[in-house]
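The structure appears right after this line, and notes come after that.
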Amino acid sequence: MEIRQPIHSDHARTLDTAGLRRHFLVESLFQPEQATLTYSQIDRIIVGGIHPVRETVRFAPELGKQTGTDFFLQRRELGLINIGGDALIEADGKRYEIGPREALYIGQGAKELSFRSVNPDAPAKLYFNSAPAHCHYPNRKITLAEASPETLGDAKTSNRRTIHKFIVPDVLPTCQLLMGMTQLEPGSLWNTMPCHTHDRRMEVYFYFDMPADGVVFHMLGEPSETRHLVVRNEQAVIAPSWSIHSGVGTQAYTFIWGMVGENQVFKDMDHVPMSTLR
């Protein structure tokens, strides 16, 4: 588990490209037969990827040492979305079959977790976010059809996209974790523009469905002091609550967003007028 400390907006203004990437970009999420975890002390979110191929990946009890608990989810909840082939996931002996573009919420208190691929030739890739939790809510699989959809934007402004809200209060209860997937239509390149911040929540963007030579120019920073990161396929960006989070790609792509913080009101955003961006 990699640990990332919080960073103040005044400090972020002074960083060069390498510094911005070191603090905000998660470059390697999927390693065969492993789980990778990045612990951000910004609202204590953990961002990770699980990539079983021919072996079963398990969360060992020792993982709890990283969070000062007896086991990983003793005081945490977890949400994952599968971007690979079919997966079989067991949580305390109960099995869940999670197909491509399906999600699973695992509530606080789950002790024994294991993950494997149904077909090693089409292995699962399970992207997950985990947040501190104060009580247990039931585990639940969410299909793409069950996710709350919302289509926004316009082809004229190159941001026609559909937001699939998998883990939100309209679909299931959680302590604080929110997750969903946004898919851009062909020809659309921008996400979340005009942009916004939300001081009540931090957010992580995980970009995928990109070719090897494709990139997203992800915008971050305060609205009056914007910066950017060049992001490639299957990489994630951590956005503090003071930062905008928006991007434009060299072609259409998909991204998963996850939020933790004070509330779960999806539309609680502080919109930034285009005229004030710098």
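The values are calculated or read from the model by the stated rules, or taken from the named source; none is laboratory data. Here the structure is a predicted model, which means the values were calculated and not measured. Cβ atoms come from the backbone with ideal geometry, glycine included; neighbour counts cover every protein chain shown.
Quick notes on this one:
- Where Ser224 falls short, out of the listed (1) under 26 Å from Arg76 (Cβ atoms); (2) at pLDDT below 95: (1)
- Residue satisfying condition, being part of a helix (DSSP H, G or I) and either more than 24 Å from Thr36 (Cβ to Cβ) or among the hydroxyl-bearing types (Ser, Thr, Tyr) (or both), within set Ser241, Ser188, Ser275: Ser275
- Residue list for segment 144-162, filter: outside any strand (DSSP E or B) and either touching a Lys or Arg at 6+ places or on another chain (Cβ under 8 Å) or farther than 28 Å from Lys94 by Cβ (or both): Leu144, Ala147, Gly153, Asp154, Ala155, Lys156, Thr157, Ser158, Asn159, Arg160
- Within segment 116-140, the set of residues being surrounded by fewer than 15 Cβ atoms within 10 Å (Cβ to Cβ) and either closer than 29 Å to Ile42 by Cβ or within 20 Å of the chain's Cα centre (by Cα) (or both) comprises His134, Cys135, His136, Pro138.
- Among the residues examined, Leu88 qualifies as surrounded by fewer than 17 Cβ atoms within 10 Å (Cβ to Cβ), in contact with a strand residue (DSSP E or B) (Cβ under 6 Å, 6 or more places away or on another chain) and aliphatic (A, V, I, L, M).
- Condition check for Asn159: modelled with pLDDT under 95 and of a type outside the set (Gly, Ala, Ser): yes
- Subset of segment 244-272 [free of Cβ contacts under 8 Å to residues at least 40 places away in the same chain and not in a loop (DSSP other than H, G, I, E, B)]: none
Conditions tested, residue by residue: (1) over 14 Å from the mean Cα position of the chain (by Cα); (2) farther than 23 Å from Ser130 by Cβ; (3) not basic (Lys, Arg).
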{"position": "Asn159", "(1), (2), (3)": "yes, yes, yes"}
{"position": "Val171", "(1), (2), (3)": "yes, no, yes"}
{"position": "Thr174", "(1), (2), (3)": "yes, no, yes"}
{"position": "Cys195", "(1), (2), (3)": "yes, yes, yes"}
{"position": "Glu203", "(1), (2), (3)": "no, no, yes"}
{"position": "Arg227", "(1), (2), (3)": "yes, yes, no"}
{"position": "Gln235", "(1), (2), (3)": "no, no, yes"}
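- Residues that are under 28 Å from Tyr137 (Cα atoms) and surrounded by fewer than 20 Cβ atoms within 10 Å (Cβ to Cβ) do occur in segment 194-210, at least one of them.
- Condition check for Phe71: out of contact with any Asp or Glu (no Cβ under 6 Å at 6 or more places or on another chain), more than 24 Å from Trp257 (Cα to Cα) and among the aromatic types (Phe, Trp, Tyr): yes
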